[in-house]
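Heads up: the structure comes next, in structure tokens.
The values are calculated or read from the model by the stated rules, or taken from the named source; none is laboratory data. Since the model is a prediction, treat every value here as computed from it, not as a measurement. Cβ placement follows ideal geometry from the backbone for every residue including glycine, while neighbour counts extend to all protein chains displayed.
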Amino acid sequence: MKATVFLGGGRITSALAAGLRLAGDRRRIVVYDRNPEKTRQLRRKAGVEIARDIKSAVASAGMLIVAVRPRSVAELLDQVAGCKASSLLGVSLAAGVPLANLRAGLPKVRWVRAMPSPVCRVARGLTALCFDRGATKMEHALVRDLFRHVGQVVEISEKQFDAFTATFSSSHGYHALASLAEAAHQAGLDRRTALTAAAHALADGIGYWRESGVSLDELLHEAATPGGTAAATMAAMNRAGYARVIAKGLAAGIGQARRNARK
């Protein structure tokens with residue numbers, strides 16, 4: 001039986017394997033990584049198989065998932081090309097590496113770009129997909145099915161991919177939580193209470209928006225009661241350049257993704 005093969009056993013491979021198992025998916029998963037400790041941990045935690053070398057990994061693949069850092073993709077594709085593999089379905093998780101680069105490295109592979117969140121570990125993630133022109137309808141369905149096990153899936157054009165990558169990262173939530181908690185501590189709360197209050201402010205607000213069906217504009221209007229604490233807080237943050245800071249952060253992330261594409 002052909003396997004779902006991950007080349008790279010790092011954080012995102014670990015998250016996807018854990019999320020698939022949590023969701024009850026028992027597909028055959030094979031992982032190759034040059035670091036044997038990573039693969040041993042994955043075998044213990046998610047019941048994956050370990051490939052002894054890249055050639056055996058590629059030989060067992062029905063779907064080949066490239067899960068290495070962007071700067072390592074070209075070298076990895078050269079290694080896969082040396083395996084003389086037959087036609088494959090390839091999924092790249094490398095941020096900023098365009099389909100053209102992937103095709104150039106392995107022309108016989110039908111490529112898909114995927115950008116999953118580490119929150120896939122608890123099967124509540126979000127994954128963006130972008131399919132190369134050679135992928136068949138069946139291959140579209142296979143890839144969508146894989147990522148639907150671990151959360152929501154959206155399909156976007158490749159020109160939108162860098163902006164999506166910079167926008168949807170769960171690091172935004174961690175960064176906002178850390179910043180809000182630190183500000184609350186500086187305002188007089190002890191650290192534990194500050195973190196608890198900040199976590200509820202972010203998680204509860206977003207959770208209510210998602211489940212209530214109330215529009216974001218309505219909720220912001222509701223919060224901005226004239227003379228109220230929330231209205232004063234938001235107004236001061238806006239005057240300080242809150243929106244500009246977010247826009248500059250996204251622009252920096254998109255720029256980095258595009259620099260990765262040129263490497």
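Some points to look at:
- Qualifying residue in the range 165-172 (condition: hydrophobic (A, V, I, L, M, F, W, C) and part of a helix (DSSP H, G or I)): yes
- I50 being assigned by TED's automatic domain parsing to the domain that holds R28, surrounded by 18 or more Cβ atoms within 10 Å (Cβ to Cβ) and farther than 23 Å from S157 by Cβ: no
- Top-ranked residue in the range 107-126 [being of a type in the set (A, V, I, L, M) and under 11 Å from the mean Cα position of the chain (by Cα); ranked as modelled with the lowest pLDDT]: V119
- Scope the range 65-113; condition outside any helix (DSSP H, G or I), crowded, with 23+ Cβ neighbours inside 10 Å and either charged (D, E, K, R) or touching a Ser or Thr at 6+ places or on another chain (Cβ under 6 Å) (or both); matching residues: V66, A67, R113
- Close Cβ contacts (under 6 Å, 6 or more residues apart or on different chains) running from residues in the range 28-44 that are among the polar types (S, T, N, Q) to residues that are surrounded by 14 or more Cβ atoms within 10 Å (Cβ to Cβ) and modelled with pLDDT of 90 or more comprise T39/G9; T39/V31; T39/D33; T39/I50.
- Residue check, L142 assigned by TED's automatic domain parsing to the domain that holds A94, under 23 Å from R27 (Cα atoms) and within 16 Å of the chain's Cα centre (by Cα): no
- Residue satisfying all of: in the range 2-39; in a strand (DSSP E or B) and at pLDDT 95 or above; surrounded by the most Cβ atoms within 10 Å (Cβ to Cβ) among these: F6
- Residue list for the range 133-177, filter: of a type in the set (D, E), surrounded by fewer than 16 Cβ atoms within 10 Å (Cβ to Cβ) and closer than 25 Å to A247 by Cβ: E158
- When the range 127-138 is limited to residues that are under 17 Å from L93 (Cα atoms) and out of contact with any Phe, Trp or Tyr (no Cβ under 6 Å at 6 or more places or on another chain), the one that is modelled with the lowest pLDDT turns out to be A135.
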